[in-house]
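Peer 1: Could you have a look at this structure, given as structure tokens, before my questions?
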Amino acid sequence: MKRLQARQPGAFQDLPAEVQELLAKMREHFPKADLDVLGEAYQFAAQAHHAQTRASGEPYINHSVTVAATLVDLRLDPVTIAAALLHDVAEDTGVTLNEVQAGFGTEIASLVDGVTKLGKIEWMSREERQAESLRKMFLAMASDIRIVLIKLADRLHNMRTIQYLPEWKQRRTSQETLDIYAPLAERLGIGRIQRELEDLAFAVLQPDSSQEVKNQLVQAEATRSQFLEQVADTLCRELNRAGLRVAREQLTARPKHVYSIWRKMQRPKYAGQPVARIYDRLGVRVIVDDVKDCYAALGVVHSLWKPIPGEFDDYIANPKTSGYQSLHTTVIYEGEPLEIQIRTMQMHREAEHGIAAHWRYKEGKPAEKEFEQKLSWLRQLLDWHSELQDARAFVQSVKLDLFQNEVFVFTPKGDVVDLPAGATPVDFAYRIHTDVGHRCVGAKVNGRLVPLSHHLHTGDIVEVVTSKTSTGPSRDWLTFVATNNARAKIRQWFKKEAREENVQRGRELLEKELRRLGALTALMKPDKLREAAPKFNVGSDEDLLAALGNGDVSLLSVVTALRGEVPAPEAPAPVVPAPTAPSAGGVRVRGADNVLTRFSLCCTPLPGDRIVGYVTRGRGVTIHRQDCPNV
């Protein structure tokens, strides 16, 4: 399918009315831009989706146009709008990405490809921890912020028509929307999309609660609009009377959306109370010229209506961590609680378009500081209104390098695991479970066998191959694992394995000696060993056996302690400090060369201490201080 040849201005007059309206808005936003690409993109998409219908029965192309129209209202650039019109052509239409690239260029094709890839992800996990990882995954997989914006607009229209899907799919899609898409919209500063997504998803997931809130709002509907208009008119008049130049359009009256009201009703403070008792159910926003006028306007408000104690916040003097600034106060107007926000136009732009402006406040949990910092530079991305000439170049140059120190990979079941950059299948295995790591013998990434040292990348599907006959981890793994978690568990395994060997060796030595003495039955008991353990500064019978097997304590001293006798002096191997070139162990054994030596852990001899050594089978000479209680 070839891209249509360039047309003369006005050659797209045969386009449907909704597309003509879209083009008219784009001419207002970008008067100097060549918008022919939009007409061509529409006709290309209409041909690709010919005879396709949505679950609602409407032509599929209507969906593409609605998605594009949503982004036009956000004042996005022509390239993004063209990509929105084409965003579904590379799926189930027979059109290839190469055809899109040949017809519309690399940039538009890249956006279409990004949206297509995101659409293939199955978001299956619902736990909050997983949802957070999925939000990161969403951003990390998008090489261009516009891919995310197109996907948000796509999801918005899908939610508006969700009633045509099977019930199980409605619930799954709505949960996904509430967990991932709505928070993303809020982080990107697109409040109206966020609020609509939340309300639509809430209506599916909790229809009774949603309807209850709506019913309570409807009961006041007859007077609500009039109520808010009266407030705005009165306030505007009094502000101007006080010398503040505030136009009527600088006061906006808007009730909170359904999901926001319901969430507030769940707080203990409002438990069991009707909507009328939610203080900021109704709100008026006042825009003034400067900071000084904010406080002057606050004085006017409090002179008009009685403020509710404890319901005032000064986010100008004390901005939220996100940078959000405004004055919030709640007053009583004709018996109704009314929230009033006062801010400058700059503060308003920051609040409406600023990425993550309400993240901490709305989601009710601490945000990751580094994550917030990485997102903050994207705030200007949506503030293109006054940068018309540079907008195109600016958008082209902005790429997401968020989470460059992390990778997000899938388990075969679709769960997401976040790992540091450079992580390997071994790191992945230990993140899943310690036993999976210990029994790991191989790995598949995206269906291919890979070395265990293979570096994982965002989007990889990782499958760990395990074996019940595995002898455990390899020390070589310590040379390439990237996570402290994996490294610690590998080391712990080797320490535990060495301990078990030492316990077994100590048990064999002690049993053999006690059998020789005819005291095996009487003394080789756990309670006897536990009684003797404190004498050797260890905590349990197995600790004592491990110390014996490791050579930290002598066999004679253990037998003596078990028998409750004072040990007879043993004949130590004479050991003197090395006068010159010491051996690797730090001491030299007189009369013998190249003897293996090791320092006892029970007394830890230091240079200058008087020392003695005892020969331990298979362990060489163990060095003790002469005054060690175990000697």
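Peer 1: Could we say that residue 562 is at pLDDT 80 or above and either among the acidic types (Asp, Glu) or touching a Leu at 6+ places or on another chain (Cβ under 7 Å) (or both) here?
Peer 2: So residue 562 fits the description; yes.
Peer 1: How many residues are more than 19 Å from residue 339 (Cα to Cα), modelled with pLDDT of 75 or more and surrounded by fewer than 12 Cβ atoms within 10 Å (Cβ to Cβ) when one looks only at region 219-245?
Peer 2: 3
Peer 1: For region 68-86, what are the residues that are assigned to a loop (DSSP other than H, G, I, E, B) and either in contact with a strand residue (DSSP E or B) (Cβ under 6 Å, 6 or more places away or on another chain) or surrounded by fewer than 24 Cβ atoms within 10 Å (Cβ to Cβ) (or both)?
Peer 2: Passing the criteria: 74, 75, 77.
Peer 1: Can I ask one more? Looking only at region 173-201, count every residue that is free of Cβ contacts under 8 Å to residues at least 12 places away in the same chain and under 20 Å from the mean Cα position of the chain (by Cα) and tell me the total.
Peer 2: The qualifying residues number 0.
Rundown of residues vs (1) touching a Cys at 6+ places or on another chain (Cβ under 9 Å); (2) free of Cβ contacts under 8 Å to residues at least 40 places away in the same chain, yes/no style:
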| position | (1), (2) |
| --- | --- |
| 524 | no, yes |
| 529 | no, yes |
| 532 | no, yes |
| 537 | yes, no |
| 546 | no, no |
| 552 | yes, no |
| 564 | no, yes |
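Peer 1: Pairs under 6 Å by beta carbon, first residue farther than 16 Å from residue 422 by Cα in region 448-464, partner hydrophobic (A, V, I, L, M, F, W, C), six or more apart or different chains?
Peer 2: These pairs meet every condition: 464/429; 464/436; 464/440; 464/443.
Peer 1: Can you tell me which residue in region 480-524 is surrounded by the fewest Cβ atoms within 10 Å (Cβ to Cβ), limited to those that are of a type in the set (A, V, I, L, M) and either touching a Pro at 6+ places or on another chain (Cβ under 6 Å) or not in a helix (DSSP H, G or I) (or both)?
Peer 2: 519
Peer 1: Restricting to region 47-59, give me the number of residues that are in a helix (DSSP H, G or I) and surrounded by fewer than 20 Cβ atoms within 10 Å (Cβ to Cβ).
Peer 2: 1
Peer 1: While we're here: Quick test of your reading of the structure: residue 146 fulfils all but one of (1) out of contact with any Lys or Arg (no Cβ under 6 Å at 6 or more places or on another chain); (2) modelled with pLDDT under 85; (3) farther than 20 Å from residue 22 by Cβ. Name the failing condition by number.
Peer 2: Just one mismatch for residue 146, condition (3).
Peer 1: Could we say that residue 547 is under 47 Å from the mean Cα position of the chain (by Cα) and crowded, with 19+ Cβ neighbours inside 10 Å here?
Peer 2: Taking the combined requirement at face value, the residue satisfies it.
Peer 1: Just the residues that are outside any helix (DSSP H, G or I) and at pLDDT 85 or above, please, taken from region 539-559.
Peer 2: Residues satisfying the conditions are 540, 553, 554.
Peer 1: Inside region 457-479, can you point out the residues that are more than 22 Å from residue 415 (Cα to Cα), of a type outside the set (Ser, Thr, Tyr) and part of a loop (DSSP other than H, G, I, E, B)?
Peer 2: The answer is 468, 472, 473.
Peer 1: Of the residues 89, 65, 95, which is crowded, with 19+ Cβ neighbours inside 10 Å, in a helix (DSSP H, G or I) and in contact (Cβ under 8 Å) with a residue 24 or more places away in the chain?
Peer 2: It is 65.
Peer 1: Return only the number of the condition from (1) buried (at least 18 other Cβ atoms within 10 Å of the Cβ); (2) of a type outside the set (S, T, N, Q); (3) part of a strand (DSSP E or B) that residue 441 does not satisfy.
Peer 2: All conditions pass for residue 441, except number (1).
The values are calculated or read from the model by the stated rules, or taken from the named source; none is laboratory data. Predicted model only: the values in this text are computed from it and were never measured. Neighbour counts run over all protein chains shown; Cβ positions are idealised from the backbone, glycine included.
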